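The values are calculated or read from the model by the stated rules, or taken from the named source; none is laboratory data. From a predicted model like this one, the values you see are computed outputs, not experimental measurements. Quick reminder, even Gly has a Cβ in these numbers, built from the backbone with ideal geometry, and neighbours come from all protein chains shown.
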């Protein structure tokens with residue numbers, strides 16, 4: 001299977017400052033911080049894996065120390081930080097960069113298609129790369145990829161070194177992980193999202209911690225966790 005990955009590299013040391021910025025940002029949407037839920041067995045179809053943030057009652061973010069001056073963020077729902085709050089004109093990651101006055105890079109890959117989101121300190125966003133099976137490959141969570149940027153590449157952020165995105169998704173992912181993830185380069189794997197954040201298992205990595213947030217109102221979930229895709233389809237046909 002080709003690479004699937006959703007990773008945020010934030011130009012800020014991991015710590016309470018980042019955690020508090022996430023808490024404050026999500027509180028503005030009504031999401032309340034909660035203790036880690038009890039460990040559970042992941043099902044075949046999970047809302048936190050296959051639905052967007054506004055269709056989930058529980059959000060989770062794992063925060064890892066990265067290379068000097070950087071940290072690694074993984075989330076469930078997977079695109080939580082590059083989606084928008086209801087009625088917002090900016091993605092959550094842009095608002096986070098504004099709060100912290102820091103830059104960020106979101107590396108996403110679906111079946112080998114690389115999509116990059118570069119965010120400046122002032123919240124300005126630049127997207128590149130496309131996901132070919134999408135209904136509109138030049139649109140992503142309310143943002144538009146300029147046609148001249150359909151090939152993924154860093155065009156705004158200055159990183160410590162070059163990354164050759166034409167070498168393929170696996171190599172690009174590894175290069176970014178080594179450069180920005182430092183000792184926690186392996187945290188970029190989406191297993192952190194589906195095994196740790198969705199199954200609520202403890203993070204064994206030193207200095208890493210997971211944050212959980214719950215929607216206090218009526219459930220927003222359009223489907224519940226299903227043991228099979230057939231069961232998921234049955235929910236939607238009922």
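Selection over the range 203-238 of residues that are modelled with pLDDT of 90 or more, loosely packed, with under 13 Cβ neighbours inside 10 Å and under 30 Å from residue 15 (Cα atoms) gives a count of 2.
Here's the yes/no breakdown for (1) part of a loop (DSSP other than H, G, I, E, B); (2) touching a residue at least 40 places away in the same chain (Cβ under 8 Å); (3) in contact with a helix residue (DSSP H, G or I) (Cβ under 9 Å, 6 or more places away or on another chain):
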{"residue": "155", "(1), (2), (3)": "yes, no, yes"}
{"residue": "158", "(1), (2), (3)": "yes, no, no"}
{"residue": "171", "(1), (2), (3)": "no, no, yes"}
{"residue": "178", "(1), (2), (3)": "no, no, yes"}
{"residue": "193", "(1), (2), (3)": "no, yes, yes"}
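Kindly indicate whether residue 94 is at pLDDT 95 or above, over 23 Å from residue 23 (Cβ atoms), out of contact with any helix residue (DSSP H, G or I) (no Cβ under 6 Å at 6 or more places or on another chain) and assigned to a helix (DSSP H, G or I). In short, no. Just to be sure, is residue 112 out of contact with any strand residue (DSSP E or B) (no Cβ under 7 Å at 6 or more places or on another chain), surrounded by fewer than 19 Cβ atoms within 10 Å (Cβ to Cβ) and closer than 24 Å to residue 169 by Cβ? Yes.
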